[in-house]
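A.B. asks: Quick one: this structure, given as structure tokens, is what I'll be asking you about.
Bear in mind these aren't lab numbers, they're just calculated from the coordinates by the rules spelled out. Every value quoted in this text rests on a predicted model; they were computed, and no experiment measured them. Note that we place each Cβ from the backbone using ideal geometry, even for glycine, and neighbour counts take in every protein chain shown.
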Amino acid sequence: MAFNPKRIRPYFQNTPIVIVGVFFVIAFVLGLWWLNKQPISDNKDYIFLFSVFIAGIGWIVNIYYATKHQRAQHTINTLLSHARDPSYHKYFKEFNKTYGDDRIIELKEIQSNSEMKEGAIYLLNEYEFMAAAIKSKDLDYSLMKNTKRKQVCTLYRRCEPFIKNVRGDTVNKVSTSKIYEHLKDLYEDWSEEDK
């Protein structure tokens, strides 16, 4: 299924770069118009105008690639810190040891065990934070999908009764609650590939 940009990517993060680029193009066109209106125009004026335009475009391209590189580096740093997080590993191991690898966990099972409820909330909050960062493009979408898709989809699917209860979803109505909204959107996007 195709990626739905409205669900995960709500805005174009490079908007400031595009605005500056449009400004440079407009300034270049106005500069050419102004030089053509002058009674005596020297070739040096045109060369200067073209030089400034080329330098500006080069600066914009440089900022674009630097931003892209910084996002990828930030994503890698986040993944590495996540991999080293002892709390995450503790809850992840206990969760899988208690509930097995892939079965849907009943709501009463999580609610009756305070330690497992704490673990479920911790793991879901970790992935909600990650989903919000992906949505705001602070983390690289493709890199996170390639490394975390299976874990996110599996945890969400297994904890779906608990998530629906926390959100206030019922059989007849889907809640407008903002709890785990980014995680829900990310799960819906990433799980479409499994269908």
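A.B. asks: For segment 116-125, just list the computed ³J(HN,Hα) in residue order, Karplus coefficients 6.51, -1.76 and 1.60, θ = phi - 60°, integers in Hz, with x standing in for Gly and Pro.
C.D. replies: 6, 5, 4, x, 4, 5, 4, 5, 5, 5
A.B. asks: Now a separate question. Give the whole-number value, in cubic angstrom per residue, of the convex hull volume spanned by the C-alpha atoms of the chain.
C.D. replies: Values: hull volume 28.3 nm³, N = 195.
About 145 Å³ per residue, rounded to a whole number.
A.B. asks: Moving to a separate point now. Per DSSP H run of at least 4 residues, take -39500 (n - 2.57); add these up for the chain, divide by its residues and hand me the 222 nm value, nearest 500 deg cm²/dmol.
C.D. replies: On the way: 9 runs with 147 residues, N = 195.
One gets -25000 deg cm²/dmol as the mean residue ellipticity at 222 nm.
A.B. asks: As an exercise, use a Förster radius of 30 Å and the Cβ-Cβ distance of Gln111 and Ser136 to find the FRET efficiency, rounded to the nearest 0.05.
C.D. replies: Working: r = 32 Å, r/R0 = 1.06.
The value I calculate is 0.40.
A.B. asks: Follow-up question, since we're still on this one. If we count chymotrypsin sites (Phe, Trp or Tyr not before Pro) as exposed when they sit in a DSSP loop and have at most 12 other beta carbons within 10 Å, what is the longest stretch of the chain that avoids them all?
C.D. replies: Working: sites that count: Tyr11, Phe12.
Value returned for the longest uninterrupted segment is 13-195.
A.B. asks: Another question, then. 5 Å is the cut-off here: which amide hydrogens, built 1.01 Å from N in the peptide plane, fall below it relative to Asp169, excluding neighbours closer than 5 in sequence?
C.D. replies: Here the answer is Ser175, since their amide H atoms fall under 5 Å of that of Asp169.
A.B. asks: Normalising by the residue count of the chain, find the relative contact order in percent from Cα pairs under 8 Å and 6+ residues apart. Mind dumping the intermediate values first?
C.D. replies: Details: 136 pairs, mean separation 53.8, N = 195.
Averaging sequence separation for qualifying contacts and normalising by length gives 28 percent for the chain.
A.B. asks: On to the next question. For segment 15-86, report the translational diffusion coefficient in µm²/s to the nearest whole number, using Stokes-Einstein at 10 °C, 1.306 mPa s, and a Kirkwood Rh over Cα pairs.
C.D. replies: My calculation gives 106 µm²/s for D.
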